[in-house]
Each structure stands twice: as structure tokens, then as C-alpha cells.
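Everything on this sheet refers to the single structure shown next.
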Amino acid sequence: MTFGEQPAYLRVAGDLRKKIVDGQLPPHTRLPSQARIREEYGVSDTVALEARKVLMAEGLVEGRSGSGTYVRERPVPRRVARSGFRPERGATPFRQEQADVGVRGTWESSSEQTGASASIAQRLGIDPGDRVMRTKYLFREAGEPMMLSTSWEPLALTGRTPVMLPEEGPLGGMGVVERMRAIDVIVDNVTEEVGARPGLAEELVLLGGVPGHVVLVIQRTYFASGRPVETADVVIPADRYRAAYHLPVK
């Protein structure tokens, strides 16, 4: 087989990927063995192994202990609809993270006081080590894990107030906008930066992914008159969801 100038393992992975996408290797089909790949493509064992690793990292195949490597069922991506700043009253954390009114979800959370890391301190405009309330969320849609979120709020702002704990007190379970309003802090802007990276092991365990799966990471920060009042990292499995933005035109 004649190839171009790409590294051999990428060329082999590309040909196998095409067969998977085109349906020549349908879901649950066993991927050709390392020996078969070596023979068919005229490559070394090392190249064959690296090609399989590429497909596994892309989430196209999965290893089954003692059985081999198989083509994964490819889920049809669903949308995580986002619309930026939503000041409506009664905005729950799920509603604040998932703007699609047709979605009904649940979440689990835990909060603890901790010192701000250097990166979180920079995002919140505070000093490293300053106390923050960190809240971790696991969001589910129809019982299926769909999204993680870790939120940080400066305790210099919310400490010793009724909204210090996001999930407790009179406004427990409400979104950032309404909770801040209760302590006379008016949120008037939000920024979101979207990136992608391989999921961390602990993230993939919670989201039901496999090692190598890619996740979308949305870095969100709420502001009140230019002051950051909350920042969060939202993590979404990229093979199952797409972030769809609905932005108002002024």
C-alpha cells in the first residue's frame, strides 16, 4: 500500500478510521489484530500498536480484557445549549449551566472551604491562598452523567452571608445570579472560554468515559461591575455532547 508523507502509524490509523466511519467496520466489530494490521499495511508491530492507540484515544475503539479491541458504538451528540448571562429568577445550577428549557436534569454537589490556587486566584482577582468556597457538581440528564462543574467563590464576598453555601440556606440550589443579588451584588456580565483536552481519570470515571476520551472544558466567570464574583470549570464529554451557544444580538 502506497502512502504519502504522514508518519506510518497515522496513515494506518487514518485508513482504519475511514473504514469505521464508512461502516466497513461497524460497531461491535473486532478491530483487525496487530498481526493482521502488520501484514495488511506492511508495517512493524510498533506502528500497528501506535495506530490502535490513536483510534482508542479518539474514542473510536475500546479494549475488552482477554478479547481484543472492538469498534465502539458512536453516540449521536446531543446539545448542551448555552446562552451566557441569564438573569431570570429561580435559575437553578442545572438551568444556569444548561439553557435548553426542554432539558430536565438533576445534580449532586459538595462544598468545602479551601485556599485559592494561583490560577483560581488570578481568575477571581484575589491573592493565592485567599479563602474560597469550592463546590463540585455532577449533573445528570435522564439519569445519565452528562457534565461536571467545579465552582469557586471568594469568601471575602460571600463569607458569613446567607449565600455562603451554594446548596444550603434560603437560596440553596439557586444560581449565581440570584444568590449574589440577595447580598446586593448585581451580576452584569459573564465570560466563557471553551477548550478541549483529554479527560482526567477521575473525570472519566464520573462521566462514564474511557481513558483517552476528549472533554470540552468551559471556563466561566461571572462579574459584577468588573469584579469577578464566581468562576467555574465546566467539563463535558466531547463524544456525547456539543456546546451550542445562543447569543443575543444587540
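The values are calculated or read from the model by the stated rules, or taken from the named source; none is laboratory data. Note that the structure is a prediction, hence the values are computed from the model and not measured. As a convention, Cβ positions derive from the backbone with ideal geometry for all residues, glycine included, and neighbour counts pool all protein chains shown. Heads up: the accessible areas ignore ligands, DNA and RNA and are worked out on the full protein's heavy atoms, side chains in. Shrake-Rupley method; radii C 1.70, N 1.55, O 1.52, S 1.80 Å.
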Quote to one decimal, in nm, the extra length available between Gln113 and Ala196 on full extension: 0.36 nm per residue of separation minus the C-alpha distance between them. 27.1 nm
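What is the dipole size for the stretch 1-53, taken about its Cα centre, with +1 at each Lys and Arg Cβ and -1 at each Asp and Glu Cβ, in debye to the nearest 20? Walk me through the numbers before you get to the answer.
Values: 9 positive and 7 negative charges, 42 e Å.
With Lys and Arg at +1 and Asp and Glu at -1, about 200 debye.
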If you count the DSSP beta bridges with both ends in the chain, what percent of them are antiparallel, to the nearest 5? 90
Within the chain: Cβ-based charge dipole about Cα centre, in debye rounded to nearest 20 (Lys, Arg +1; Asp, Glu -1): 520
If you take the alpha carbon radius of gyration of the chain and divide it by 2.2 N^0.38 Å, what ratio comes out, to two decimals? 1.25
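Sort the following peptides by mean Cβ neighbour count (other Cβ atoms within 10 Å, averaged over residues), highest first: 174-187, 24-37. Intermediate results must be reported in sequence, preceding the final value.
On the way: 174-187: 19.1, 24-37: 14.7.
In descending order of packing, they fall as 174-187, 24-37.
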Using only the alpha-carbon atoms, how far is helix 45-57 inclined from the longest principal axis of the chain? Give it as 0 to 90 degrees, nearest 10. 30
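Hey, any idea what % of the chain's accessible area is carbon plus sulfur with a 1.4 Å probe? Numbers along the way, then the final one.
Values: 6870 of 13000 Å².
The nonpolar share, carbon plus sulfur, comes to 53 percent.
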Three principal axis lengths of the stretch 140-250 [C-alpha, angstrom, descending]: 43, 36, 26
Which one of Thr150, Thr69, Thr46 has the biggest mean-square fluctuation once the chain is modelled by GNM with Cα springs under 10 Å? Thr46
Computed from the beta carbon distance with a Förster radius of 30 Å, FRET efficiency for Asp130 and Ile186 to the nearest 0.05 stands at 0.85
Pick out which of Glu144, Glu192, Glu167 has the largest mean-square fluctuation in a Gaussian network model of the chain, springs linking Cα atoms closer than 10 Å. Glu144
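Run lengths n ≥ 4 of DSSP H only: what is the helix-derived mean residue ellipticity at 222 nm for the chain, with -39500 (n - 2.57) per run over all residues, to the nearest 500? Mind showing how you got there, number by number?
Numbers: 8 runs with 66 residues, N = 250.
Helix-only estimate at 222 nm: -7000 deg cm²/dmol.
Rounded, prolate or oblate: pick one for the stretch 98-183, where a ≥ b ≥ c are the square roots of the eigenvalues of its C-alpha gyration tensor, a/c under 1.5 means rounded, and failing that, prolate if a/b is larger than b/c, else oblate.
Prolate.
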16 Å Cα-Cα reach of Lys136 towards aspartates and glutamates, excluding residues that sit fewer than 8 places from it in its own chain: Glu97, Glu108, Glu112, Glu153, Glu167, Glu168, Glu202, Glu203, Glu230, Asp233
So what's the angle, to the nearest 10 degrees on a 0 to 90 scale, between helix 8-22 and the longest Cα principal axis of the chain? 80
Taking the dipole about the Cα centre of the stretch 5-84, with the C-beta of Lys and Arg at +1 and of Asp and Glu at -1, give me whichever of Gly42, Pro75, Gln6 is farthest to the positive side. Pro75
Specify which residue in the list Ser151, Val229, Ala51 is farthest towards the positive end of the charge dipole of the chain, using unit charges on the beta carbon of Lys, Arg (+1) and Asp, Glu (-1), about the Cα centre. Ala51
When the chain is treated as a Gaussian network with springs between alpha carbons less than 10 Å apart, the largest mean-square fluctuation among Lys136, Lys19, Lys53 is found at Lys19
